[in-house]
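For reference, the structure is listed below as structure tokens.
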Amino acid sequence: MQPQSREPVTIPVWVVFGFFLLLLLCVGSFVVDPFEVLHELTKFREWEHRAQQIMLAAVFLPGFAMVLLLIKRVQLVGPGGSSWSPPPRRKLGERVSLGVFMGSGGHTAEMRQLLKSVDRKRYSPRVYVYCNGDEMSLRAVAEIEGVEEKGERKGGGYSLVALPRAREVGQGRISTLVSATKTALHAFFHTFLLPLADAPLRPWVDVLIVNGPGTAVVLVGVAYIRRVLGLSHTRIVYVESFARVNSLSLSGKILRSLVDKFVIQWPDAGGNELTPVDEDAVEERKGVNDEPTQDELKRVFEEKESGTVYRGWLV
């Protein structure tokens, strides 16, 4: 048996630059007494006006520049960017790990219907992400996997990851920011740090499929970290809700330009951004009760193109 060839690992120049910058900061912490610096900062109001302006500029301008660089980096590595690359061609029957976000309520019901036709031998292992206290999603996973599920479980080709809910219905903006940050920290630990420690060269999952709501936005944001760092990363598929006929949901509007494949189930919801191959499919609408075929799911998960596509009705 011939050994499998490994793809070369390349480290972006900006990652190396960031490493040396961090190293410089560490060296500076030994040269300069940090307690003395903090003591001087407590007297900030006593400084001369010009000194205050210089200090504020030294703090905020680099931070603002880093935010702009991050936005530019996301544009480059996102679909349509110059650094975006199509998914690697896989051999027939090659396994692909699949991450699924169960959004609770109608989102979970649609996801359960969509996953009925997924080849579990091909898409394995599977990771189901759900929100704490969402018993409906746990029952849906049990139905999909054909087992009785009671809490956290690993084995049998799938595992569960619980996250705090990023936003409750009717929740205020300030409290939403706090809860979303908490969700991001949990997602960062479970989907970035732990997989990075276990297998640094492999992403958390090969494909992540989401269909909302707000917690999915946070999950996708965390999944983008490896992509921004130039590491092997997860391909993301967003399936818009069946209920969105003429417009996109808020989650869909946010993620539309970020995910590798954006799937709508009504042609009017996509505006003028349908790909040509799918505009022809609009004339051949399927029945509402038809389940997705293996060929349709393969197109959704594995096609090279990016952008908004119309898939008949997947759920």
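For the stretch 46-93, the set of residues classified as surrounded by 12 or more Cβ atoms within 10 Å (Cβ to Cβ), touching a residue at least 60 places away in the same chain (Cβ under 8 Å) and not in a loop (DSSP other than H, G, I, E, B) consists of 73, 74, 77, listed by residue number. In the stretch 174-194, the residues that are in contact (Cβ under 8 Å) with a residue 24 or more places away in the chain reach residues that are charged (D, E, K, R) and part of a helix (DSSP H, G or I) with C-beta atoms within less than 9 angstrom, at least six apart or across chains, in these pairs: 192/226.
Residues checked against (1) modelled with pLDDT under 95; (2) buried (at least 23 other Cβ atoms within 10 Å of the Cβ); (3) outside any loop (DSSP other than H, G, I, E, B):
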| site | (1), (2), (3) |
| --- | --- |
| 176 | yes, no, yes |
| 179 | yes, no, yes |
| 190 | yes, no, yes |
| 193 | yes, no, yes |
| 197 | yes, no, yes |
| 202 | yes, no, no |
| 212 | yes, yes, no |
| 215 | yes, yes, yes |
| 221 | yes, no, yes |
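Considering (1) at pLDDT 90 or above; (2) surrounded by fewer than 18 Cβ atoms within 10 Å (Cβ to Cβ); (3) not small (Gly, Ala, Ser), the lone condition that residue 235 does not fulfil carries the number (2). Within the stretch 169-186, if we keep just the residues that are within 16 Å of residue 251 (Cα to Cα) and among the small types (Gly, Ala, Ser), the residue that is farthest from the chain's Cα centre (by Cα) turns out to be 170. Apart from one condition, residue 248 fits all of (1) at pLDDT 85 or above; (2) surrounded by 22 or more Cβ atoms within 10 Å (Cβ to Cβ); the exception is (2).
Exactly one residue among 56, 70, 38 is under 21 Å from residue 232 (Cβ atoms) and of a type in the set (A, V, I, L, M, F, W, C), and that residue is 70.
The values are calculated or read from the model by the stated rules, or taken from the named source; none is laboratory data. Computed from a predicted structure; not experimentally measured. Cβ: placed from backbone, ideal geometry, glycine included. Neighbour counts: every protein chain shown.
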